[in-house]
Amino acid sequence: MFQKVHLYLTAMCAGITAAIMLIMSLCYLYISEKGLYENQYTSFQNDINTIATSLEQQSVISMEWLSKMESRGNYSFFVLDNGIPFLYNRLGGLSDTSDTKELLEKCLNAYEDSLTDTNTSITTEPNFALYNPCFHAEFSFNPGGRKHEFYASVIEMNRNNSSLQMVVLCSLDFLEEQIHRQRTRFLLIDVTAVLMLTLFSFFFTGRLLQPIIENRRRQTAFIAAASHELRTPLSVILSATDCCRSADPDKQMGFLDTIQQEGALMSSLINDMLTLSSSDNHNFPIRPKEVELDTLLINTYEAFEPLARKHSLTLNISLPEETIPTCTADDERISQVLSILLHNAISYTPSGGQIDLSLLYKKNHFCLTVADTGIGISDEDKKKIFDRFYRAEKSRSTKGHFGLGLSIASEIIKFHHGTITVSDQPGGGSIFTVILP
């Protein structure tokens with residue numbers, strides 16, 4: 001299931017990002033190509049103005065001048081003198097072929113149509129020295145049906161009762177090649193970017209799904225462990241119930257005690273599971289108020305000292321000599337954390353051992369510690385000891401431990417924005433340290 005979700009998220013993230021990138025690329029190409037054509041058209045108009053001005057100032061049009069003008073702007077010239085093709089047309093520029101004649105006719109026809117087109121640029125430049133009125137018109141000429149083929153200009157000038165007409169064609173093939181190369185570069189860049197986005201999306205969505213996958217794994221493990229923990233007391237209760245039916249009246253009380261004991265264990269386990277469920281749903285009941293931690297520690301010490309003495313253990317308490325400020329916390333929850341830590345310490349400290357409960361205040365933080373001289377915790381177990389249903393010693397199950405106490409303590413301290421850690425006691429044993437702001 002998660003693999004399909006991973007693929008769907010990858011496709012969605014990469015697809016949306018790639019679509020945005022492609023749209024932006026197309027917009028840029030459109031603006032860039034439009035600018036290139038406009039710049040080329042402006043440059044063509046400026047060159048035609050220069051050619052027209054130079055043409056007015058010359059009394060004789062030489063082939064050398066025409067060749068120079070053609071090579072200067074990569075243009076093609078066709079000159080008509082009183083409607084008769086100029087000799088240059090057969091020697092250079094546009095050769096006098098049937099295709100050329102057809103192209104010239106189409107251009108002149110387009111010129112006549114363009115005179116009524118508002119997009120056609122028409123410029124009139126009278127030469128007051130020679131009284132030769134001259135005007136020219138620039139327009140887009142597409143005989144092949146493509147959108148951009150030629151920029152064309154027709155220059156007309158009257159001189160000595162004769163009419164001179166010059167057709168100038170600027171092929172846009174070089175501009176089309178430039179645009180084609182630009183599109184190819186953008187295509188390669190976009191394809192590379194899409195591939196990189198896909199790889200990044202695959203990695204990124206995988207990282208996003210990891211907490212969900214881990215949470216699902218933990219839920220599965222939690223349900224399996226809870227089922228296992230509940231199966232044992234439930235089997236004992238059912239077995240004791242069957243025995244109670246056929247047992248003598250004097251033995252039934254023993255079976256009833258067993259049922260009550262196992263029921264109490266099941267109730268405790270269910271309460272712990274409900275507590276952790278509330279934490280997972282961010283519905284953990286925390287009621288902070290001003291708490292005197294030294295008083296809270298004294299009350300906890302008095303509650304657990306008889307139990308420690310019953311197990312032949314020494315329970316000590318250490319409090320600061322100076323007055324310390326109050327702590328904003330839920331006193332019942334902090335007391336629950338201390339109860340969990342002390343209960344564990346009493347359960348896993350051999351007879352004759354010692355347990356120390358202490359409180360320190362430094363650097364605006366409260367430090368509560370529970371140290372014992374018990375069996376200790378290995379480095380490998382320290383990494384997992386706050387996990388749910390984890391027990392370093394399998395024998396703990398015989399002492400009423402389900403592996404949820406430290407998980408609950410960790411959640412309580414987390415909701416108080418504090419930390420809880422475990423370290424080794426010099427000489428053997430463990431030290432649990434709780435730090436509260």
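In nanometres, what is the gap between the two model label sites at residue 29 and residue 158, each 7 Å from Cα along Cα-to-Cβ?
Those two pseudo-labels are separated by 5.0 nm.
Express in Å², to the nearest 10, the accessible area of residue 21 obtained by rolling a 1.4 Å probe over the protein heavy atoms while all chains stay in place.
The value for residue 21 is about 50 Å².
Which ³J(HN,Hα) values in Hz, rounded to whole numbers, follow from the phi angles of the range 144-149 under the Karplus curve 6.51 cos²θ - 1.76 cosθ + 1.60, where θ = phi - 60° and Gly and Pro get x?
For the range 144-149, the Karplus-derived couplings read x, x, 6, 5, 10, 10 Hz, x marking Gly and Pro.
Report residue 112's accessible area, 1.4 Å probe, all protein chains in place, as a number in Å² to the nearest 10.
120
At a probe radius of 1.4 Å, what is the per-residue accessible area of residue 113, in Å² to the nearest 10?
110
Could you order 310, 251 so the one with the most accessible surface comes first? Probe is 1.4 Å.
310, 251
Where the centre of each part is set by its Cα atoms, how far does the range 17-67 sit from the range 298-375, in angstrom?
88
Under 25 Å from the Cα of residue 68, which lysines turn up, not counting those fewer than eight places away in the same chain?
Here the lysines satisfying the reach criterion relative to residue 68 are 101.
Which distance in Å, rounded to a whole number, links the C-alpha centroids of the range 407-437 and the range 157-190?
80
Please go through the residue pairs 310/384; 289/414; 34/106; 384/414 and name each one whose alpha carbons sit more than 27 Å apart in this structure.
310/384
Pull up the cross-link candidates among the aspartates and glutamates for residue 382, meaning alpha carbon to alpha carbon under 15 Å and not fewer than 8 places away within one chain.
Residue 382 reaches 393, 424.
The values are calculated or read from the model by the stated rules, or taken from the named source; none is laboratory data. Note that the structure is predicted; figures quoted are calculated from it, not measured. As a convention, Cβ positions derive from the backbone with ideal geometry for all residues, glycine included, and neighbour counts pool all protein chains shown. What goes into the accessible areas is simple: the full protein's heavy atoms, side chains included, and nothing from ligands, DNA or RNA. Shrake-Rupley method; radii C 1.70, N 1.55, O 1.52, S 1.80 Å.
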